[in-house]
Amino acid sequence: MKSNFLCDLHLHTNYSYDSQTSMEEYVQKALETAVQALCFTDHIELTNKISTFSTMDFGKRAQEFHLLKAKYGKQILLLLGYEFGSPHRHLQELKFVQSLQPDVIIGGVHYPLNYYPVAGKCSNSHYQMLYNKCVREMVEEGGFDVLAHVDLPKRMHDDYAEDSQMVLGTLERCAKYGIVPELNTSSLRRGKTLPMADANGILHYLSCGGKFVQLNSDSHSADTLCSGFEQVLATIPNGATLCYFQNRKPVALP
Ligand SMILES: [Zn+2]
Ligand SMILES: [Zn+2]
């Protein structure tokens, strides 16, 4: 189901190690551009190099969010969540984040086996194999709501050739376990192809009983809010229902 309700539900703010943008900057940009809902999903990442769990000021972030809601809540729907890196490997920390009762937990793999590919140091197929395996394990363990960027390896390698069998198998499990896959437009901003380019991924997910999908920019600054949405919306098959999450429950876009 297509919707005119414009929202962006995967956003990094200055509570993420890789963004300088405040929540309020996103809200102001959204109000200027008629965006009707935002969800802030800062990184919880625990690797051998980065640990944002121990440094995240959960209380301050929640307080800032609630002040914004009080200020702008009549004009825009504001939601608070997290993008948790490889939650299946950090079950204690995941339990803590769940206990905060966020609107959504996005599960995302960035560092399979604590490894981040440096250009030229890892072949596409090797990185993709590590990545897909880690995503599959994460989906099997569950405990989160939205699967981030199933096609992230394309950001890393120009010779990306999707292991579609593996990706389709993961999407099949998303349908089975009620995990919502996102179409993440950040690869478009890096000059790569559309997310799940041929729509086969979503069609397969729908044929396995999946219903909801999300369209997200994964922005780290306000100027890319909803970037590429028009282009990608046109590729989403009829039958897929766009949604946001509130209190960790999917809500179809009005
Ligand atoms: Zn991510
Ligand atoms: Zn992200």
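Values as computed for the structure displayed
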quantity	calculated
Residue-span extension gain [Ser123 to Gln20] - 0.36 nm each, minus C-alpha spacing	33.9 nm
Within the chain: Cβ-based charge dipole about Cα centre, in debye rounded to nearest 20 (Lys, Arg +1; Asp, Glu -1)	360 debye
For the stretch 75-94 and the stretch 16-46, distance of Cα centres in Å	14 Å
Lysine pairs meeting the criterion (Cα under 19 Å, 8 or more apart or interchain), as found in the stretch 7-252	14
DSSP-defined beta bridges in the chain - what % are antiparallel, rounded to 5	15 percent
Value of relative contact order over the chain, rounded to a whole percent, pairs C-alpha under 8 Å and six or more apart	22 percent
Heavy-atom accessible area per residue - the chain, 1.4 Å, Å²	44 Å²
Accessible carbon and sulfur surface of the chain relative to its total accessible area, %, 1.4 Å	50 percent
Around Ala222: net Lys/Arg minus Asp/Glu count, Cβ-Cβ under 12 Å	-4
Dipole of the stretch 7-252, positive end: most advanced residue of Phe40, Thr21, His88 [Cβ charges, Cα centre]	His88
Options Pro153, Leu100, Val135, ranked by Cα towards positive dipole end of the stretch 7-252, top entry (Cβ charges)	Leu100
Accessible area in the full protein assembly, largest first, 1.4 Å probe, for Tyr160, Tyr131, Tyr17	Tyr17, Tyr160, Tyr131
The chain: calculated mean residue ellipticity at 222 nm from DSSP helix runs of at least 4, using -39500 (n - 2.57)	-10000 deg cm²/dmol
Net charge contributed by nearby residues that have their C-beta within less than 9 Å of Cys39 (K/R +1, D/E -1)	-2
Three-way shape call for the chain based on the alpha-carbon gyration tensor, with the a/c threshold at 1.5	rounded
Given charges at Cβ of Lys, Arg, Asp, Glu: the chain dipole, positive-most of Leu68, Ser227, Asn216	Leu68
12 Å beta-carbon shell around Asp158, net charge (K/R +1, D/E -1)	+3
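The values are calculated or read from the model by the stated rules, or taken from the named source; none is laboratory data. Note that the structure is a prediction, hence the values are computed from the model and not measured. Every residue, glycine among them, receives a Cβ derived from its backbone with ideal geometry; neighbour counts consider all protein chains shown. These area figures cover heavy atoms from the full protein model, side chains too; ligands, DNA and RNA do not enter into them. Shrake-Rupley method; radii C 1.70, N 1.55, O 1.52, S 1.80 Å.
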